[in-house]
Amino acid sequence: MPTPRTREHAPVSVAVVSTEQDVFALRRRAKNVAAAAGLDNRDQVRLATALSELGRDLLRPTPMTVTFDVQGEPPALRATLRWGDERAPSQESLAAVTRLLPQTRYAPSHSIAGRAASPPPGARGGRIEIACLIPGSTARRDPAEILGALEEAAPASAIDDLQAQSRDLMAALEEAHAQRDELERLNEELTETNAGVMALYAELTVEHKDVVERFSEEHELALALQRTFLPAELPDITGAELAVRYLPATSTAEIGGDFYEAVNTPRGLLLAVGDVAGHSLQAAMVMGQLRHALRAYAAQGHAPHTILEHLEHLMGQHQPGWTTSLCILLVEPGRDRVHVANAGHLPPLLLSPAGPSRYLREHGPLLGMGLRHPPATIHPVEPGSRLLMITDGLIETRDSDIYERLEVLSATAAKCPAAPEDLCASLIDAFATEPDDDIVVFAARLTPPDSPA
(Lines give C-alpha, C1' and ligand atoms only; values in the text may rest on other atoms or scores of the structure.)
Protein backbone atom coordinates (compact mmCIF):
# COMPACT_ATOMS: atom_id res chain seq x y z
CA MET A 1 0.00 0.00 0.00
CA PRO A 2 1.50 3.41 -0.91
CA THR A 3 2.61 5.56 1.98
CA PRO A 4 0.18 8.51 2.46
CA ARG A 5 1.68 11.89 1.79
CA THR A 6 2.05 14.37 4.62
CA ARG A 7 1.88 18.13 4.49
CA GLU A 8 5.42 19.47 3.97
CA HIS A 9 6.80 22.77 5.22
CA ALA A 10 9.66 24.86 3.92
CA PRO A 11 13.09 23.48 4.90
CA VAL A 12 14.34 24.37 8.37
CA SER A 13 17.96 23.99 7.32
CA VAL A 14 19.98 22.86 4.28
CA ALA A 15 23.57 21.57 4.32
CA VAL A 16 25.95 20.80 1.46
CA VAL A 17 28.42 17.96 2.06
CA SER A 18 31.56 17.36 -0.02
CA THR A 19 34.46 17.27 2.50
CA GLU A 20 35.32 15.63 5.83
CA GLN A 21 34.85 19.03 7.50
CA ASP A 22 31.33 19.17 6.05
CA VAL A 23 30.54 15.78 7.62
CA PHE A 24 31.72 17.02 11.01
CA ALA A 25 29.61 20.19 10.61
CA LEU A 26 26.61 18.09 9.51
CA ARG A 27 26.70 16.08 12.74
CA ARG A 28 26.73 19.28 14.78
CA ARG A 29 23.90 20.82 12.74
CA ALA A 30 21.77 17.68 12.99
CA LYS A 31 22.03 17.65 16.78
CA ASN A 32 21.20 21.37 17.02
CA VAL A 33 18.19 21.10 14.69
CA ALA A 34 16.94 18.00 16.52
CA ALA A 35 17.23 19.77 19.87
CA ALA A 36 15.39 22.83 18.52
CA ALA A 37 12.60 20.62 17.13
CA GLY A 38 12.06 19.03 20.55
CA LEU A 39 13.63 15.58 20.15
CA ASP A 40 14.95 14.03 23.35
CA ASN A 41 18.71 13.70 23.86
CA ARG A 42 18.80 10.05 22.82
CA ASP A 43 17.14 10.74 19.45
CA GLN A 44 19.34 13.82 18.95
CA VAL A 45 22.41 11.59 19.26
CA ARG A 46 20.86 8.90 17.04
CA LEU A 47 20.06 11.33 14.21
CA ALA A 48 23.45 13.04 14.43
CA THR A 49 25.25 9.68 14.43
CA ALA A 50 23.17 8.33 11.51
CA LEU A 51 23.86 11.37 9.32
CA SER A 52 27.55 11.32 10.23
CA GLU A 53 27.77 7.62 9.25
CA LEU A 54 25.97 8.18 5.92
CA GLY A 55 27.94 11.38 5.26
CA ARG A 56 31.27 9.54 5.57
CA ASP A 57 30.02 6.57 3.56
CA LEU A 58 28.65 8.68 0.69
CA LEU A 59 31.39 11.33 0.78
CA ARG A 60 32.52 12.39 -2.71
CA PRO A 61 33.89 15.67 -4.14
CA THR A 62 30.54 16.00 -5.93
CA PRO A 63 28.25 17.77 -3.42
CA MET A 64 25.39 16.03 -1.62
CA THR A 65 22.59 18.07 -0.02
CA VAL A 66 20.98 17.35 3.33
CA THR A 67 17.64 19.05 4.02
CA PHE A 68 15.90 19.26 7.42
CA ASP A 69 12.12 19.90 7.53
CA VAL A 70 9.09 19.01 9.64
CA GLN A 71 6.05 16.98 8.69
CA GLY A 72 2.54 17.05 10.05
CA GLU A 73 0.77 14.14 11.73
CA PRO A 74 2.37 12.51 13.50
CA PRO A 75 4.81 15.37 14.11
CA ALA A 76 8.31 14.39 12.97
CA LEU A 77 11.63 15.92 12.01
CA ARG A 78 12.77 14.65 8.62
CA ALA A 79 16.30 14.68 7.20
CA THR A 80 16.64 14.05 3.46
CA LEU A 81 19.93 13.29 1.71
CA ARG A 82 20.01 13.82 -2.07
CA TRP A 83 22.76 13.29 -4.64
CA GLY A 84 22.88 13.23 -8.41
CA ASP A 85 25.54 10.69 -9.31
CA GLU A 86 25.98 6.91 -9.18
CA ARG A 87 27.12 6.67 -5.54
CA ALA A 88 25.18 4.34 -3.23
CA PRO A 89 25.37 3.66 0.52
CA SER A 90 27.13 0.49 1.65
CA GLN A 91 24.94 -2.27 3.04
CA GLU A 92 26.79 -2.06 6.37
CA SER A 93 26.21 1.69 6.78
CA LEU A 94 22.57 1.48 5.71
CA ALA A 95 21.92 -1.43 8.07
CA ALA A 96 23.61 0.39 10.97
CA VAL A 97 21.54 3.55 10.38
CA THR A 98 18.30 1.57 10.05
CA ARG A 99 19.01 -0.15 13.37
CA LEU A 100 19.38 3.27 14.99
CA LEU A 101 16.38 4.85 13.22
CA PRO A 102 13.90 2.34 11.71
CA GLN A 103 12.08 5.13 9.82
CA THR A 104 14.88 5.24 7.24
CA ARG A 105 14.03 4.90 3.55
CA TYR A 106 16.51 4.65 0.66
CA ALA A 107 15.79 4.81 -3.07
CA PRO A 108 18.51 4.56 -5.73
CA SER A 109 16.66 7.00 -8.01
CA HIS A 110 14.96 10.38 -7.54
CA SER A 111 11.87 8.76 -6.01
CA ILE A 112 11.34 7.28 -2.54
CA ALA A 113 10.69 3.54 -2.55
CA GLY A 114 6.97 2.84 -2.51
CA ARG A 115 5.92 6.24 -3.86
CA ALA A 116 6.84 5.97 -7.50
CA ALA A 117 7.46 3.44 -10.23
CA SER A 118 10.91 2.46 -11.51
CA PRO A 119 13.13 5.40 -12.44
CA PRO A 120 13.33 6.36 -16.12
CA PRO A 121 16.24 4.99 -18.21
CA GLY A 122 19.49 6.85 -17.56
CA ALA A 123 18.33 8.29 -14.23
CA ARG A 124 21.11 8.75 -11.69
CA GLY A 125 21.29 9.79 -8.11
CA GLY A 126 19.70 8.68 -4.94
CA ARG A 127 17.79 9.78 -1.89
CA ILE A 128 17.60 8.74 1.75
CA GLU A 129 14.86 9.95 4.11
CA ILE A 130 15.17 9.64 7.90
CA ALA A 131 12.15 10.53 10.04
CA CYS A 132 12.30 11.06 13.82
CA LEU A 133 9.01 11.33 15.70
CA ILE A 134 8.83 14.37 18.01
CA PRO A 135 7.24 13.78 21.45
CA GLY A 136 3.84 15.49 21.65
CA SER A 137 4.71 17.52 24.74
CA THR A 138 7.77 19.13 23.11
CA ALA A 139 6.82 19.16 19.42
CA ARG A 140 7.63 22.26 17.39
CA ARG A 141 5.89 22.09 13.99
CA ASP A 142 6.42 25.63 12.73
CA PRO A 143 9.76 26.06 10.92
CA ALA A 144 9.93 29.66 12.10
CA GLU A 145 9.66 28.49 15.70
CA ILE A 146 12.46 25.97 15.16
CA LEU A 147 14.63 28.61 13.48
CA GLY A 148 14.02 30.89 16.45
CA ALA A 149 15.11 28.16 18.86
CA LEU A 150 18.26 27.63 16.78
CA GLU A 151 19.12 31.34 16.87
CA GLU A 152 18.62 31.49 20.64
CA ALA A 153 21.01 28.59 21.28
CA ALA A 154 24.33 29.88 22.61
CA PRO A 155 27.26 28.99 20.31
CA ALA A 156 29.61 26.41 21.80
CA SER A 157 33.35 26.85 21.93
CA ALA A 158 35.53 24.57 19.82
CA ILE A 159 36.59 22.61 22.92
CA ASP A 160 33.00 22.25 24.17
CA ASP A 161 31.93 21.13 20.71
CA LEU A 162 34.68 18.52 20.50
CA GLN A 163 33.80 17.19 23.96
CA ALA A 164 30.13 17.04 22.98
CA GLN A 165 31.01 15.06 19.84
CA SER A 166 32.99 12.58 21.94
CA ARG A 167 30.09 12.14 24.37
CA ASP A 168 27.69 11.65 21.47
CA LEU A 169 29.93 9.00 19.93
CA MET A 170 30.13 7.07 23.20
CA ALA A 171 26.36 7.27 23.68
CA ALA A 172 25.71 6.02 20.14
CA LEU A 173 28.09 3.09 20.55
CA GLU A 174 26.44 2.09 23.82
CA GLU A 175 22.93 2.32 22.37
CA ALA A 176 23.62 0.52 19.10
CA HIS A 177 25.71 -2.37 20.34
CA ALA A 178 24.82 -2.92 24.02
CA GLN A 179 28.44 -2.54 25.09
CA ARG A 180 27.81 -0.03 27.88
CA ASP A 181 29.84 -1.71 30.61
CA GLU A 182 32.86 -2.39 28.40
CA LEU A 183 32.91 1.07 26.83
CA GLU A 184 32.48 2.86 30.15
CA ARG A 185 35.29 0.81 31.63
CA LEU A 186 37.56 1.64 28.71
CA ASN A 187 36.69 5.33 28.86
CA GLU A 188 37.32 5.46 32.62
CA GLU A 189 40.62 3.62 32.16
CA LEU A 190 41.75 6.04 29.44
CA THR A 191 40.68 9.13 31.38
CA GLU A 192 42.35 7.91 34.56
CA THR A 193 45.54 6.93 32.72
CA ASN A 194 45.75 10.27 30.89
CA ALA A 195 45.25 12.17 34.15
CA GLY A 196 48.03 10.17 35.77
CA VAL A 197 50.35 10.66 32.81
CA MET A 198 49.83 14.42 32.74
CA ALA A 199 50.37 14.70 36.50
CA LEU A 200 53.57 12.68 36.35
CA TYR A 201 54.79 14.59 33.30
CA ALA A 202 54.15 17.93 35.02
CA GLU A 203 56.04 16.71 38.07
CA LEU A 204 58.90 15.53 35.87
CA THR A 205 59.08 18.89 34.08
CA VAL A 206 59.21 20.89 37.33
CA GLU A 207 61.46 18.69 39.43
CA HIS A 208 63.89 17.15 36.94
CA LYS A 209 65.41 19.89 34.78
CA ASP A 210 68.84 18.35 34.42
CA VAL A 211 68.22 15.68 31.76
CA VAL A 212 71.80 14.39 31.70
CA GLU A 213 72.00 13.78 35.46
CA ARG A 214 68.49 12.32 35.65
CA PHE A 215 68.60 10.14 32.50
CA SER A 216 68.27 6.80 34.28
CA GLU A 217 65.38 7.96 36.47
CA GLU A 218 63.50 9.52 33.55
CA HIS A 219 64.03 6.40 31.47
CA GLU A 220 62.42 4.21 34.12
CA LEU A 221 59.52 6.65 34.50
CA ALA A 222 58.98 6.72 30.74
CA LEU A 223 58.85 2.94 30.62
CA ALA A 224 56.38 2.83 33.51
CA LEU A 225 54.10 5.33 31.73
CA GLN A 226 54.36 3.44 28.46
CA ARG A 227 53.34 0.17 30.09
CA THR A 228 50.11 1.75 31.37
CA PHE A 229 48.94 2.12 27.76
CA LEU A 230 49.45 -1.57 26.86
CA PRO A 231 47.18 -4.55 27.70
CA ALA A 232 47.77 -5.95 31.18
CA GLU A 233 47.36 -9.55 29.94
CA LEU A 234 46.30 -11.57 26.92
CA PRO A 235 42.86 -13.23 26.86
CA ASP A 236 42.46 -16.98 27.38
CA ILE A 237 40.81 -18.08 24.11
CA THR A 238 39.79 -21.64 23.23
CA GLY A 239 41.55 -22.77 20.06
CA ALA A 240 44.20 -20.03 20.14
CA GLU A 241 47.44 -20.04 22.12
CA LEU A 242 48.83 -16.50 22.38
CA ALA A 243 52.16 -15.03 23.44
CA VAL A 244 53.72 -11.57 23.22
CA ARG A 245 57.01 -9.86 23.97
CA TYR A 246 57.34 -6.10 24.34
CA LEU A 247 60.87 -4.72 24.54
CA PRO A 248 61.50 -0.95 24.88
CA ALA A 249 64.41 0.73 23.14
CA THR A 250 67.58 0.88 25.21
CA SER A 251 69.02 4.05 23.69
CA THR A 252 66.40 6.66 24.58
CA ALA A 253 64.34 7.85 27.53
CA GLU A 254 61.48 8.92 25.26
CA ILE A 255 58.26 6.93 25.04
CA GLY A 256 57.47 5.03 21.84
CA GLY A 257 54.19 4.32 20.06
CA ASP A 258 54.36 0.53 19.51
CA PHE A 259 51.25 -1.32 20.68
CA TYR A 260 49.34 -4.59 20.39
CA GLU A 261 45.85 -5.87 21.16
CA ALA A 262 43.94 -9.16 21.38
CA VAL A 263 40.19 -9.24 21.96
CA ASN A 264 37.40 -11.77 21.41
CA THR A 265 34.72 -10.13 19.21
CA PRO A 266 31.33 -11.18 17.78
CA ARG A 267 33.16 -11.95 14.50
CA GLY A 268 36.02 -13.94 16.04
CA LEU A 269 39.41 -13.39 17.63
CA LEU A 270 40.95 -10.04 16.67
CA LEU A 271 44.73 -9.59 16.85
CA ALA A 272 46.45 -6.28 16.10
CA VAL A 273 49.91 -4.73 16.13
CA GLY A 274 50.59 -1.06 15.38
CA ASP A 275 53.19 1.68 15.60
CA VAL A 276 52.51 5.40 16.00
CA ALA A 277 55.20 7.41 14.20
CA GLY A 278 57.59 9.19 16.56
CA HIS A 279 58.95 8.89 20.10
CA SER A 280 57.43 11.28 22.63
CA LEU A 281 54.84 11.55 25.36
CA GLN A 282 52.29 12.74 22.78
CA ALA A 283 53.04 9.73 20.54
CA ALA A 284 52.34 7.41 23.46
CA MET A 285 49.09 9.22 24.27
CA VAL A 286 47.98 8.94 20.63
CA MET A 287 48.83 5.24 20.87
CA GLY A 288 46.76 4.85 24.03
CA GLN A 289 43.74 6.56 22.46
CA LEU A 290 43.97 4.42 19.31
CA ARG A 291 44.27 1.17 21.28
CA HIS A 292 41.21 1.97 23.39
CA ALA A 293 39.22 3.03 20.31
CA LEU A 294 40.34 -0.12 18.45
CA ARG A 295 39.10 -2.27 21.33
CA ALA A 296 35.76 -0.44 21.45
CA TYR A 297 35.16 -0.75 17.68
CA ALA A 298 36.18 -4.41 17.79
CA ALA A 299 33.73 -5.08 20.65
CA GLN A 300 30.97 -3.73 18.38
CA GLY A 301 31.69 -6.48 15.86
CA HIS A 302 32.94 -4.28 13.00
CA ALA A 303 34.84 -5.88 10.12
CA PRO A 304 38.64 -5.23 10.17
CA HIS A 305 38.69 -2.71 7.30
CA THR A 306 35.72 -0.87 8.85
CA ILE A 307 37.69 -0.56 12.10
CA LEU A 308 40.52 1.00 10.09
CA GLU A 309 38.09 3.47 8.48
CA HIS A 310 36.67 4.47 11.88
CA LEU A 311 40.20 4.94 13.26
CA GLU A 312 41.11 6.97 10.15
CA HIS A 313 38.18 9.29 10.82
CA LEU A 314 39.05 9.51 14.52
CA MET A 315 42.65 10.51 13.77
CA GLY A 316 41.57 13.05 11.15
CA GLN A 317 39.26 14.75 13.63
CA HIS A 318 41.25 14.53 16.87
CA GLN A 319 44.91 13.81 15.98
CA PRO A 320 45.64 15.62 12.69
CA GLY A 321 49.24 15.43 11.54
CA TRP A 322 49.92 12.03 13.16
CA THR A 323 50.35 8.77 11.22
CA THR A 324 50.16 5.19 12.40
CA SER A 325 50.79 1.79 10.88
CA LEU A 326 48.37 -0.92 12.01
CA CYS A 327 47.82 -4.54 10.98
CA ILE A 328 44.59 -6.28 12.02
CA LEU A 329 44.04 -10.05 11.82
CA LEU A 330 40.57 -11.49 12.44
CA VAL A 331 40.56 -15.25 13.11
CA GLU A 332 37.16 -16.80 12.38
CA PRO A 333 35.55 -18.86 15.18
CA GLY A 334 36.38 -22.12 13.36
CA ARG A 335 40.08 -21.13 13.36
CA ASP A 336 40.30 -22.18 9.68
CA ARG A 337 40.32 -18.73 8.03
CA VAL A 338 41.92 -15.39 8.82
CA HIS A 339 41.01 -11.90 7.54
CA VAL A 340 43.90 -9.46 6.96
CA ALA A 341 43.48 -5.66 6.92
CA ASN A 342 46.82 -3.85 6.88
CA ALA A 343 47.32 -0.08 7.13
CA GLY A 344 50.95 0.37 6.14
CA HIS A 345 52.41 -2.13 8.64
CA LEU A 346 54.90 -4.97 8.12
CA PRO A 347 53.05 -8.04 6.78
CA PRO A 348 52.11 -10.85 9.18
CA LEU A 349 53.88 -14.21 8.74
CA LEU A 350 51.85 -17.42 8.38
CA LEU A 351 53.76 -20.53 9.50
CA SER A 352 51.90 -23.64 8.31
CA PRO A 353 52.69 -26.99 9.98
CA ALA A 354 53.00 -28.85 6.66
CA GLY A 355 54.19 -26.21 4.22
CA PRO A 356 56.56 -23.27 3.72
CA SER A 357 56.06 -20.07 5.66
CA ARG A 358 54.68 -17.07 3.75
CA TYR A 359 53.88 -13.43 4.34
CA LEU A 360 50.30 -12.20 3.93
CA ARG A 361 51.29 -9.12 1.97
CA GLU A 362 47.96 -7.33 1.45
CA HIS A 363 48.56 -3.65 2.10
CA GLY A 364 46.71 -0.36 2.46
CA PRO A 365 47.68 3.24 3.34
CA LEU A 366 48.90 4.41 6.73
CA LEU A 367 46.28 5.70 9.16
CA GLY A 368 46.27 9.49 9.28
CA MET A 369 46.65 10.01 5.51
CA GLY A 370 42.94 10.61 4.91
CA LEU A 371 42.74 7.74 2.40
CA ARG A 372 40.21 4.94 2.11
CA HIS A 373 41.12 1.44 3.24
CA PRO A 374 40.49 -1.66 1.09
CA PRO A 375 38.40 -4.59 2.36
CA ALA A 376 40.20 -7.34 4.25
CA THR A 377 41.59 -10.33 2.36
CA ILE A 378 40.69 -13.84 3.53
CA HIS A 379 43.26 -16.65 3.78
CA PRO A 380 42.66 -20.30 4.73
CA VAL A 381 44.81 -21.65 7.58
CA GLU A 382 45.56 -25.24 8.51
CA PRO A 383 45.10 -26.60 12.06
CA GLY A 384 48.23 -25.93 14.06
CA SER A 385 49.26 -22.93 11.95
CA ARG A 386 51.08 -20.08 13.65
CA LEU A 387 50.71 -16.34 13.02
CA LEU A 388 53.55 -13.92 13.73
CA MET A 389 53.20 -10.13 13.89
CA ILE A 390 56.05 -7.73 14.73
CA THR A 391 57.01 -4.07 14.75
CA ASP A 392 59.99 -2.94 12.68
CA GLY A 393 62.26 -2.51 15.70
CA LEU A 394 62.87 -6.28 15.71
CA ILE A 395 64.53 -6.45 12.27
CA GLU A 396 65.23 -2.95 10.97
CA THR A 397 68.81 -1.66 11.07
CA ARG A 398 70.47 1.40 9.52
CA ASP A 399 72.56 -0.54 7.00
CA SER A 400 70.20 -3.36 5.89
CA ASP A 401 67.36 -3.79 3.42
CA ILE A 402 64.03 -4.33 5.18
CA TYR A 403 62.87 -6.93 2.63
CA GLU A 404 66.04 -8.96 3.06
CA ARG A 405 65.57 -8.82 6.83
CA LEU A 406 61.98 -10.07 6.44
CA GLU A 407 63.28 -13.12 4.58
CA VAL A 408 65.84 -13.76 7.32
CA LEU A 409 63.04 -13.51 9.91
CA SER A 410 60.88 -15.98 7.98
CA ALA A 411 63.70 -18.53 7.75
CA THR A 412 64.57 -18.12 11.43
CA ALA A 413 60.94 -18.40 12.63
CA ALA A 414 60.43 -21.60 10.62
CA LYS A 415 63.22 -23.24 12.65
CA CYS A 416 62.02 -22.00 16.06
CA PRO A 417 59.99 -24.11 18.53
CA ALA A 418 56.28 -24.33 17.72
CA ALA A 419 54.93 -23.03 21.06
CA PRO A 420 54.19 -19.27 20.80
CA GLU A 421 56.05 -18.49 24.06
CA ASP A 422 59.16 -20.28 22.82
CA LEU A 423 58.83 -18.70 19.37
CA CYS A 424 58.72 -15.17 20.83
CA ALA A 425 61.64 -15.85 23.17
CA SER A 426 63.77 -17.34 20.37
CA LEU A 427 63.19 -14.38 18.05
CA ILE A 428 64.04 -11.87 20.79
CA ASP A 429 67.27 -13.76 21.47
CA ALA A 430 68.13 -13.88 17.76
CA PHE A 431 67.36 -10.30 16.75
CA ALA A 432 66.91 -7.99 19.74
CA THR A 433 70.42 -7.04 20.85
CA GLU A 434 70.55 -3.45 22.17
CA PRO A 435 67.54 -2.31 20.11
CA ASP A 436 67.38 1.27 18.83
CA ASP A 437 63.58 1.14 18.63
CA ASP A 438 60.74 -0.42 20.59
CA ILE A 439 59.91 -4.04 19.71
CA VAL A 440 56.66 -6.02 19.70
CA VAL A 441 56.66 -9.74 18.84
CA PHE A 442 53.14 -11.24 18.88
CA ALA A 443 52.53 -14.93 18.09
CA ALA A 444 49.45 -17.15 17.94
CA ARG A 445 48.99 -20.88 17.33
CA LEU A 446 45.54 -21.86 16.03
CA THR A 447 43.67 -25.11 16.52
CA PRO A 448 39.98 -25.90 15.95
CA PRO A 449 37.98 -25.05 19.11
CA ASP A 450 37.11 -28.73 19.69
CA SER A 451 40.70 -29.98 19.23
CA PRO A 452 43.47 -30.18 21.84
CA ALA A 453 45.94 -27.26 21.79
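The values are calculated or read from the model by the stated rules, or taken from the named source; none is laboratory data. In this text the structure is predicted, and so the values were computed from the model without any measurement. Don't worry about glycine lacking a Cβ; one is built from the backbone with ideal geometry, like all the others, and counts go over all protein chains shown. The protein model used for the area step is the full one, side chains on, heavy atoms only, and it has no ligands, DNA or RNA in it. Shrake-Rupley method; radii C 1.70, N 1.55, O 1.52, S 1.80 Å.
Could you tell me which of Asn342, Ile390, Tyr359 has its Cα farthest along the dipole of segment 332-407 towards the positive end, charges placed at Cβ (Lys, Arg +1; Asp, Glu -1), taken about the Cα centre? It is Asn342.
The length gained by stretching the chain between Ser400 and Gln103 to full extension, at 0.36 nm per residue less their Cα-Cα distance, is 101.0 nm. In the context of the full set of protein chains, segment 293-402 has a per residue accessible area of 38 Å² (1.4 Å probe). In plain terms, the chain from His379 to Ala354 could stretch by 7.4 nm, reckoned as 0.36 nm per residue minus the Cα-Cα distance.
In this Cβ point-charge picture (+1 for Lys and Arg, -1 for Asp and Glu), segment 229-359 has a dipole of about 180 debye about its Cα centre. Which of Thr80, Leu47, Val23 sits closest to the plus end of the dipole of segment 1-100, meaning its Cα is farthest towards the positive end, when Lys and Arg get +1 and Asp and Glu get -1 on the C-beta? My answer, from the dipole projection, is Leu47. FRET efficiency for the pair Glu233 and Gln21, taken as 1/(1 + (r/R0)^6) with r the Cβ-Cβ distance and R0 = 45 Å, rounds to 0.65.
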